[in-house]
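Let me begin by presenting the structure, written as structure tokens, before commenting on it.
The values are calculated or read from the model by the stated rules, or taken from the named source; none is laboratory data. Note that the coordinates shown come from a computational prediction; the quantities given were computed from them, not determined experimentally. Every residue, glycine among them, receives a Cβ derived from its backbone with ideal geometry; neighbour counts consider all protein chains shown.
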Amino acid sequence: MFLKFFPREINILDLFKKQVGFAVDAAQFFKKTVSEGTVSTETLNKMREIEHQGDEVAHEIFDQLNLTFITPFDREDIHTLCEELDNIVDMVDTILSRLVIYKLTKVDEELVEFANVIEESVTAVASAVNGLRNMKNAKNILDICREVNRLENVGDSMRDKALGDLFEKEKDPIVVIKWKEIYQDAETILDICEDVAHVVKNIMLKQS
Amino acid sequence: MFLKFFPREINILDLFKKQVGFAVDAAQFFKKTVSEGTVSTETLNKMREIEHQGDEVAHEIFDQLNLTFITPFDREDIHTLCEELDNIVDMVDTILSRLVIYKLTKVDEELVEFANVIEESVTAVASAVNGLRNMKNAKNILDICREVNRLENVGDSMRDKALGDLFEKEKDPIVVIKWKEIYQDAETILDICEDVAHVVKNIMLKQS
Amino acid sequence: MFLKFFPREINILDLFKKQVGFAVDAAQFFKKTVSEGTVSTETLNKMREIEHQGDEVAHEIFDQLNLTFITPFDREDIHTLCEELDNIVDMVDTILSRLVIYKLTKVDEELVEFANVIEESVTAVASAVNGLRNMKNAKNILDICREVNRLENVGDSMRDKALGDLFEKEKDPIVVIKWKEIYQDAETILDICEDVAHVVKNIMLKQS
């Protein structure tokens with residue numbers, strides 16, 4: 001209701017829609033890449049492109065935030081939301097880079113599973129962020145946030161299982177070092193999604 | 001003085017008392033478990049219970065924060081305090097999980113020492129948080145915060161010594177990977193306690 | 001212009017000048033130490049001295065912040081700026097400590113390169129922070145911030161190359177564990193510098 005009178009505010013929601021769209025692109029590209037089981041420097045170039053576009057929207061949001069006096073929700077929440085969405089894309093990029101740098105070319109079933117859950121969680125995050133456009137979505141947004149929290153717990157168990165198996169089966173410490181980092185980074189993406197859900201929930205509750 | 005007129009605000013202090021109580025429970029349970037030297041899935045279940053109860057209070061605090069217009073101290077400080085207390089419990093849970101997943105069953109003297117200092121620090125943190133109820137405690141709270149800072153420095157030295165010994169004596173890289181993570185996580189708990197002390201100090205100074 | 005009427009505010013800019021000065025001291029000392037290729041407990045004592053002086057200024061800033069009603073820029077920005085400058089010094093100290101604890105005494109060309117870029121970035125950060133004294137510097141400050149961002153990207157590539165070489169050439173997993181941590185910490189300093197540049201840019205845009 002409040003939003004009607006401030007066309008500039010719609011603008012920030014449009015920018016968030018764009019930004020979270022790049023997060024979804026990153027998650028889908030990650031899933032596709034990992035499922036196909038081959039990461040190359042070409043893969044990295046494509047990923048960097050997504051990251052670069054995401055960065056540009058993030059900068060636009062920060063610029064808007066610095067220039068706009070009235071914002072549709074707390075400046076601090078806008079700031080955090082923008083940073084966390086940026087972190088999702090950065091972390092996907094980090095994992096893909098590590099796979100190349102560490103020359104981890106053989107398919108890893110655990111990482112494929114992680115990629116599926118990450119895509120699910122980022123897609124849910126996008127629905128929640130886009131839902132902010134209409135506060136009538138409140139109940140729906142809360143349900144989505146709960147789902148994102150659930151997926152974070154799923155990710156915790158997946159990481160624990162993956163680390164347990166890794167230390168159980170892999171005897172080459174160098175390989176252990178590499179995969180341990182990859183699994184922990186993958187789980188971190190689900191943590192970031194939970195942080196986003198948390199901000200979205202806060203924004204919504206403050207408006208209600 | 002201010003608090004008298006706003007009974008709802010007392011509520012948030014009551015909730016913090018409960019939350020920091022679960023942090024103390026976690027620290028004591030950690031000390032007991034590590035001293036006895038056996039971590040089992042049963043241990044984890046008991047720890048999860050403490051964590052779950054802590055989570056519930058944290059959610060209550062966030063809900064209160066979103067619904068209450070007037071708060072006894074800055075919303076941002078309440079938010080940070082709640083998150084950091086949550087982080088203490090989570091990190092204790094993480095270390096216990098790792099001990100099980102990594103199958104580290106033999107007693108480690110260094111971890112016992114860490115557990116003692118962690119319990120001391122979390123107990124001090126609880127006194128500081130509960131002290132916020134009465135601003136006449138100001139001097140006392142400042143002393144406690146200084147003690148928490150001192151314990152963080154103690155933790156730094158303990159971690160440095162533990163890592164030094166580990167790299168000196170342990171020749172199995174897989175074991176090095178495991179304990180290095182455990183020691184660094186243990187020290188992180190003392191960092192978080194210092195963060196809590198910092199917020200408490202800020203809250204107090206703003207009120208004075 | 002605003003600043004003229006509030007002499008206390010000048011005070012905070014003076015304190016930031018002092019604090020960022022210690023960050024530069026730390027970066028220069030790090031470069032010198034790493035270039036000479038020998039880190040001793042004496043080195044650590046000298047570094048601790050810089051850290052201790054930096055800490056004192058940070059405490060002064062927090063005290064000012066808690067006692068001052070009117071601040072030259074957002075309290076939250078002052079808070080973040082102060083914390084991040086503190087983090088630069090702490091992280092340099094951490095790396096030097098690790099070199100001693102891990103007994104990494106042989107010169108490492110990669111770390112020398114990192115130290116050069118770190119010194120460049122921290123020096124740029126100091127110019128940006130000190131530039132806040134006069135908002136006529138706006139364009140200049142923005143240029144410096146862009147340079148800090150560029151150096152962070154340089155650092156990312158350096159870390160990726162360093163890690164790639166490490167896993168390629170080093171066959172002792174214990175040595176891999178040690179250097180991997182050092183490189184990642186070195187890159188983290190450039191991340192922190194970017195965070196500082198980000199805050200400085202925000203402060204400036206809000207004032208304009």
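Inside the range C:155-198, residues that are within 17 Å of the chain's Cα centre (by Cα) and more than 11 Å from chain A (Cβ to nearest Cβ) make up a count of 14. Checked against (1) out of contact with any Cys (no Cβ under 6 Å at 6 or more places or on another chain); (2) part of a helix (DSSP H, G or I); (3) more than 14 Å from chain A (Cβ to nearest Cβ); (4) not aliphatic (A, V, I, L, M), C:Arg150 passes all but a single condition, namely (3).
Can you run down the residue pairs with Cβ atoms below 7 Å, 6 or more apart or on separate chains, where the first is in the range B:1-28 and exposed (fewer than 14 other Cβ atoms within 10 Å of the Cβ) and the partner is at pLDDT below 55? Partner pairs satisfying both residue conditions: B:Ile10/B:Leu3.
Against the list (1) touching a Gly at 6+ places or on another chain (Cβ under 9 Å); (2) part of a helix (DSSP H, G or I), the condition C:Glu168 fails is (1). Among residues belonging to the range B:108-127 that are touching a residue at least 24 places away in the same chain (Cβ under 8 Å) and of a type in the set (S, T, N, Q), point out the one that is surrounded by the fewest Cβ atoms within 10 Å (Cβ to Cβ). For the range B:108-127, the residue satisfying everything is B:Asn116. Residue selection: B:Thr68 satisfies the criterion of being under 30 Å from B:Lys206 (Cβ atoms), within 14 Å of another protein chain (Cβ to nearest Cβ) and of a type in the set (Ser, Thr, Tyr).
Tell me whether the range A:129-140 contains one or more residues that are modelled with pLDDT under 95 and within 13 Å of another protein chain (Cβ to nearest Cβ). Scanning the range A:129-140, I find at least one residue that is modelled with pLDDT under 95 and within 13 Å of another protein chain (Cβ to nearest Cβ), so the answer is yes. In the range A:38-63, the residues that are within 13 Å of chain C (Cβ to nearest Cβ) and loosely packed, with under 13 Cβ neighbours inside 10 Å form Cβ pairs under 9 Å with partners that are among the β-branched types (Val, Ile, Thr) and part of a helix (DSSP H, G or I), at six or more places apart or across chains, as follows: A:Thr41/A:Val100. Picking from residues in the range A:158-208 that are among the polar types (S, T, N, Q) and at pLDDT 95 or above, the one that is nearest to B:Asp185 (Cα to Cα) is A:Gln184.
Taking into account only those residues within the range C:72-86 that are in a helix (DSSP H, G or I) and more than 12 Å from chain B (Cβ to nearest Cβ), which is nearest to the chain's Cα centre (by Cα)? Among those that are in a helix (DSSP H, G or I) and more than 12 Å from chain B (Cβ to nearest Cβ), it is C:Leu85.
Regarding the range B:130-141, can at least one residue be identified that is outside any helix (DSSP H, G or I) and surrounded by 16 or more Cβ atoms within 10 Å (Cβ to Cβ)? If you could, list the steps in order and put the result at the bottom.
Within the range B:130-141, the subset outside any helix (DSSP H, G or I) is B:132-134.
Now restrict to residues that are surrounded by 16 or more Cβ atoms within 10 Å (Cβ to Cβ): B:132.
Yes, the range B:130-141 has at least one match.
Residues that are surrounded by 16 or more Cβ atoms within 10 Å (Cβ to Cβ), assigned to a helix (DSSP H, G or I) and more than 14 Å from every other protein chain (Cβ to nearest Cβ) occur in the range A:91-107; there is at least one.
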